[in-house]
Amino acid sequence: MGLPTLEFSDSFLDSPDFRERLKCHEIELERTNKFIKDLIKDGNMLINALKNLSVAVLKFSLSLQEFQFECIGDAETDDEVNIAQSFKEFSQLLTTVEEERRRLIQNADDVLITPLEKFRKEQIGAAKEGKKKFDKETEKYYSTLERHLNLSSKKKEAYLQEADTQIDKERQLFYDASLEYVFKIQEVQEKKKFEFVEPLLAFLQGLFTFYHEGYELAHEFEPYKQQLQFNLQNTRNNFVSTKQEVEKLMKRIRSADQDYKPPGQWTMEGFLSPGMHLDSSLLHNGMVVNQPEMFKLKSCIRRKTDSIDKRFCFDIEVVERNDIYRGTLFRPLQFFCKVRHGVMTLQAQSESNRRLWLEAMDGKEPIYNLPAILSKKEETFLNEAGFNFVRKCIDLVEDRGINTMGLYRIGGVNSKVQKLMTTVFSTKAPVDMELDPETWDNKTITSGLKNYLRCLCEPLMTFKLHKDFILAVKSDDQNYRVCAVHALVHKLPERNKEMLELLIKHLVTVSAQSQFNLMTVSNLGVIFGPTLMRSQEETVAAMMNIKFQNIVMEILIENFNK
């Protein structure tokens, strides 16, 4: 039930019922006053919390701005460039949001705190002042009235008339105070409906404006977000394919000799015995350098086992050697190195390690390399049987499985794939052998096609042009990439180019159905990059270029007509 109405006429009667109704208004006024004080306190806490939040977000934004990504390798893909730039984009977005929040905070005091404080002080404060005056006049009036009623009737007429005049005056003052108080207290109760609510509405409007700006920023950010998600997915796919190849390399390294040395890298470096570090790059052209010292190498000979009680030893003979080297170069080798007329006996760490050192210094011992990626049994060739197999596979895929989800990504059962390869490429199989669609399912066909291309004795894009293709797509200029790849494609041998055209034309058809099979150009690049391209060097650095192999595939598919 609402507050009772206070009639002005009741001010003259000043009945107990009037006082009771007035009391209800006073309680409500006090409650409103307390609520506004609490609201101002909470509002200030909210504003301070927003300020602290803004400071924290700006600090976070600055941290994002200052971070720099470092990727492995001498170049980055477009995806990696965008990902590396993303922190700065995030930072800019957060900074823009905080600029809007700062405006909200700056306006909050003017639109919320100040009006509420003004209403509490001016309106509620005025009502309280009216109550004080009303209480004061009430006390004066009823005190005077009590004295007046106690006057003796025997008093002189003039004295009684003066007393009547005085009581009339006090009554009028009381009535005025009562009327003003009744008016003011009801005025405040009515004004709080708008003067109290309007500041809250203005503050909420500012809050909604801030949120709307955030929504607009989010809407503008959406295309960038989608592009970044695409970049992230591409990079994740590249990582997965690169990781698989690096793991294969690690397993081959593990199964190879522990002293494996990358092919073509003739520099030999390592510890021959405790305390001595030797770098064979300093032996080239007959010169050996250790710190500022230098001596000339004459020969290097493997030491016979029965001539020394140490294993894995070899002798190097040096000339033009001064005595100063005895104290600096040879002292660390006093237990393993004996100097005899310019001959040093050095000890390697193992037999295979000794062979590597001898080879580096023109020795004759063989070097053990990694196990071959493919056995001779697995190798395939770019011949008529291969061309026929690829054409048959493509025809089957395009006739019945072009919309298969995960086409080329999801592999077939290994035993079935091996059976397919054995059947097609056995010496007794006809060159133009047909593939029975009832016998071979789609996954077996697609896996067989990839297997054939992966097992070519030389990758389809050739070892010779591999580095040129990689270098071409490392350029920052998009047009140059396409033109460079275009030129390199026409440097491929005719058979390779013919097979590449056959395959890429098919992949264009596959990517055109990506809404069904989910095989976008990027996804196809991840699958066929390592399949059609392979570095001759088996190193981690070479594996890190797989992502650029994928880009070559993307360019070929996207620019097939060219």
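Laid out as a table, the results:
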| quantity | calculated |
| --- | --- |
| Qualifying aspartates and glutamates (Cα of each under 15 Å from Cα of K310; at least 8 residues distant if same chain) | E351 |
| Aspartates and glutamates with Cα under 15 Å of K193, excluding same-chain neighbours fewer than 8 positions away | E28 |
| Charge sum, other residues only, whose C-beta stays under 10 Å from T209's C-beta, Lys/Arg counted +1 and Asp/Glu -1 | -1 |
| Reach of K428 by Cα under 23 Å, taken over lysines that are not fewer than 8 positions away in the same chain | K376, K377, K392, K416, K419, K450 |
| Alpha-carbon centroid distance for the pair segment 412-481 / segment 154-199, whole angstrom | 104 |
| Solvent-accessible ranking of T114, T235, largest area first, probe 1.4 Å | T114, T235 |
| Gain in span if fully extended, K248 to D441, counting 0.36 nm per residue against the direct Cα distance | 66.7 nm |
| Accessible surface, segment 369-501, averaged per residue in Å² (probe 1.4 Å) | 55 |
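The values are calculated or read from the model by the stated rules, or taken from the named source; none is laboratory data. In this text, all values refer to a predicted model and were calculated from it rather than measured experimentally. Using ideal geometry, Cβ is built from the backbone for each residue, glycine included, and neighbour counts are taken over all protein chains shown. Accessible surface is based on the protein model in full, side chains and every heavy atom, while ligands, DNA and RNA are left aside. Shrake-Rupley method; radii C 1.70, N 1.55, O 1.52, S 1.80 Å.
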